[in-house]
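What follows is a short report on a single structure.
The values are calculated or read from the model by the stated rules, or taken from the named source; none is laboratory data. This is a predicted model, so every value here is computed, not measured. Every residue, glycine among them, receives a Cβ derived from its backbone with ideal geometry; neighbour counts consider all protein chains shown. These accessible areas exclude ligands, DNA and RNA; they are computed on the full protein's heavy atoms, side chains included. Shrake-Rupley method; radii C 1.70, N 1.55, O 1.52, S 1.80 Å.
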Amino acid sequence: MVEAWYMDESQEDQRAPHRQRPNREVSLEQLRRLGVVYRRLDADNYETDPCLKEIRRAENYSWMDIVTIHKDKLPNYEEKIKTFYEEHLHLDDEIRYILEGSGYFDVRDKDDKWIRISMEKGDMITLPAGIYHRFTLDENNYVKAMRLFVGEPVWTAYNRPADDFPARKQYMKLLAEEAHNGV
């Protein structure tokens, strides 16, 4: 099961857990209010998993590939790791399904504080278009993940500040509605 928490302010190794002391856990419901969707799937059988097939059909995830992030597998590894950890947003949802290994997605909450989401084998996450986020490996330094898209993939990341994009404005509207509804 996925675990999430508020991060400390340390600038030490990005691959460390960075838990506050005392730890401030974040629930799946809190993540949902930020527009983050979490699912748990059978990564050992991803090629034939009927649950994954249904998710892809229902969400119209027509394109996918698999990426391995490890110093021996990813060209320009060090550069890519730095790029992934730059705070950014996308104009489309970001969908990642961890097939092997582990890593962290960090997202900003409504008060602009970092929440770290620990992802491991079997975890699928959808980050909504317009949310500021970043990714890093954990101390295991390895992850194999499926990337899913609606239609052709768009790889463009817009580093912060990117508040003028319609996707960001729509995301901020979602947060305001969640706050107004008190949900």
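Reported count of residues in the stretch 152-183, each being open to solvent by 70 Å² or more (accessible area, probe 1.4 Å), farther than 17 Å from Asp93 by Cβ, at pLDDT below 95 and in a loop (DSSP other than H, G, I, E, B), is 1.
Selection of the stretch 19-51 for residues being among the acidic types (Asp, Glu) and either surrounded by 11 or more Cβ atoms within 10 Å (Cβ to Cβ) or more than 25 Å from Leu89 (Cα to Cα) (or both) yields Glu25, Asp42, Asp44, Glu47, Asp49.
Residue count for the stretch 95-134 satisfying the condition of being assigned to a strand (DSSP E or B) and open to solvent by 20 Å² or more (accessible area, probe 1.4 Å): 8.
Check whether at least one residue in the stretch 52-67 is open to solvent by less than 80 Å² (accessible area, probe 1.4 Å) and closer than 19 Å to Asp13 by Cβ, and report yes or no. Checked against the condition, which is being open to solvent by less than 80 Å² (accessible area, probe 1.4 Å) and closer than 19 Å to Asp13 by Cβ, the stretch 52-67 yields no hits at all.
Pairing residues of the stretch 72-92 that are closer than 21 Å to Ala167 by Cα and open to solvent by less than 30 Å² (accessible area, probe 1.4 Å) with residues that are of a type in the set (Lys, Arg) and outside any loop (DSSP other than H, G, I, E, B), at Cβ distances under 9 Å and at least 6 apart in sequence or on separate chains, gives His88/Arg134; Leu89/Arg168.
For Arg147, the stated conditions do not hold, so it cannot be described as buried (at least 19 other Cβ atoms within 10 Å of the Cβ), under 21 Å from Leu74 (Cα atoms) and under 14 Å from the mean Cα position of the chain (by Cα).
Residue by residue, here is whether (1) in contact with a Pro (Cβ under 8 Å, 6 or more places away or on another chain); (2) farther than 22 Å from Lys173 by Cβ; (3) modelled with pLDDT of 95 or more holds:
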| position | (1), (2), (3) |
| --- | --- |
| Trp63 | yes, yes, yes |
| Ile69 | no, yes, yes |
| Phe84 | no, yes, yes |
| Gly103 | no, yes, yes |
| Asp106 | no, yes, yes |
| Ile115 | no, no, yes |
| Asp138 | yes, yes, yes |
| Tyr142 | no, yes, yes |
